[in-house]
Amino acid sequence: MQPSLQFKQLTAFHAVASCQSFSEATRMTGLSQPTLSRLIKQLEEELETELLDRYHRPLQLTEAGKFFFHNTQAMLTEFETVINITKRIATPKKSLSIGFVPSVLYGLLPDIISRLKNTLPNLEIQLKDISSYQQVNALKSGDIDVGFGRFTIAPRQPLDEATSQRQTIHSKHHVKQILLRHERYVVALPKSHPLANTPNQHLRQHAESHLILYHQTYLPLSTASSSIPQANSIREPLLHLFSRQGIQPYSTSTVSDLQVALGLVAAGEGITLVPDSLKSVRTEQIAYQRLIHENATSPIYLNILEDLTHSALPTLLDAIYEIYEEKGITYRRYQP
Ligand code: BEZ
């Protein structure tokens, strides 16, 4: 068998199987209908089995076809990713596309970008608002070159407390996560709240509060680590923090994002927890207070591709560390 031929056969089969139509697969692949038919026929001959049930409309897969489709999908995606990354290694990019989760925009991101621009004035920079998990596919497809996120992405093995403190996590998805720092959560509460002026609060003091949740991304089961077994199963990040203290808030509601959550806090509808860098938002209506729990933190990761380092990465890391030094922020320097 010729390996290049196999790949073409496989992509032709997947296009037809996922579109359930030869004519749509023609549009998707740019291959003519006779070519698609020929490639799939060759594949069927190699496998000595029929994959398509050609007598039904819309077109269906045979039992063997379904098995083959489901069990080759991940392999095909992986192969396409490898081809994509290989081509990009061969042609390094001159611009830098940065993905970020909205919460880092309120913090140091603007300072970091302006410092990077000062150091590399000819570097063209694009910024893209994109969730932590979507950053994986965006890195693989080349939509972004680096990403700032707040969640651990699909670890290889379950994380224990010690593992979550390690600075880099290699996932099987070609993505490397560099832990920049842990940012503390603060309580955001309406100025009219009885605890609005109380510093160093315990989450227990909010057991009777209405808690506003806003995360779209939940903790992977394995990172929801805690010495309290029950907390392990709670994957909503704020509820997870409460459950680690053995507390279940009196009532909760969920909104679409962090801005909406803070809007509701400002309107006196409840309280929420946000990373410390958000504490300058809506300060006329919202008080922000520290929590006593040192482990009530949100990590900030720099997500990159494991095998494709953008030439601007060292300068980007220098810009971040310089700003941390200037602001007296605790961090751990990444040692490649
Ligand atoms: C930070 O707050 O540590 C941070 C924000 C944006 C990008 C990188 C780091």
**Asked** When ARG333 is evaluated against the numbered criteria (1) at pLDDT below 95; (2) within 28 Å of LEU238 (Cβ to Cβ), which criterion, by number, is the only one it fails?
**Response** (2)
**Prompt:** From the residues in region 47-65 that are in a helix (DSSP H, G or I) and in contact with a Leu (Cβ under 9 Å, 6 or more places away or on another chain), which one is least open to solvent (accessible area, probe 1.4 Å)?
**Reply:** GLY65
**Asked** Inside region 96-145, can you point out the residues that are within 14 Å of the ligand (Cβ to nearest atom), open to solvent by less than 50 Å² (accessible area, probe 1.4 Å) and part of a helix (DSSP H, G or I)?
**Response** SER103, VAL104, LEU109, ILE112, ILE113, LEU116, GLN135
**Looking only at region 173-213, and only at residues there that are modelled with pLDDT under 95 and in contact with a Leu (Cβ under 6 Å, 6 or more places away or on another chain), the one that is farthest from the ligand (Cβ to nearest atom)** = HIS174
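Rundown of residues vs (1) of a type in the set (D, E, K, R); (2) under 18 Å from the mean Cα position of the chain (by Cα); (3) at pLDDT below 90, yes/no style:
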site	(1), (2), (3)
ASN71	no, no, no
THR81	no, yes, yes
SER95	no, no, no
LYS117	yes, no, no
LEU120	no, no, no
**Message:** Please pick out the residue among ILE83, ILE40 that is part of a helix (DSSP H, G or I), free of Cβ contacts under 8 Å to residues at least 40 places away in the same chain and surrounded by 19 or more Cβ atoms within 10 Å (Cβ to Cβ).
**Reply:** ILE40
**Asked** Mind checking whether some residue in region 323-334 is more than 16 Å from the ligand (Cβ to nearest atom) and either in contact (Cβ under 8 Å) with a residue 12 or more places away in the chain or touching a helix residue (DSSP H, G or I) at 6+ places or on another chain (Cβ under 8 Å) (or both)?
**Response** no
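Considering only region 278-322, state which residues are in a loop (DSSP other than H, G, I, E, B), within 16 Å of the ligand (Cβ to nearest atom) and open to solvent by 10 Å² or more (accessible area, probe 1.4 Å). Show your work before the answer.
Step one: filter region 278-322 for residues in a loop (DSSP other than H, G, I, E, B), giving 279-285, 292-296, 306-307, 309-312.
With within 16 Å of the ligand (Cβ to nearest atom) added as a condition, the list becomes 279-281, 310, 312.
LYS279, SER280, VAL281, HIS310 - these are the residues of region 278-322 that are in a loop (DSSP other than H, G, I, E, B), within 16 Å of the ligand (Cβ to nearest atom) and open to solvent by 10 Å² or more (accessible area, probe 1.4 Å).
The values are calculated or read from the model by the stated rules, or taken from the named source; none is laboratory data. Worth saying up front: this structure is predicted, and the values here are computed from it rather than measured. For neighbour counting, all protein chains shown are included, and Cβ atoms are generated from backbone atoms with ideal geometry for every residue, glycine included. Surface accessibility is based on the protein's heavy atoms, side chains included, excluding ligands, DNA and RNA. Shrake-Rupley method; radii C 1.70, N 1.55, O 1.52, S 1.80 Å.
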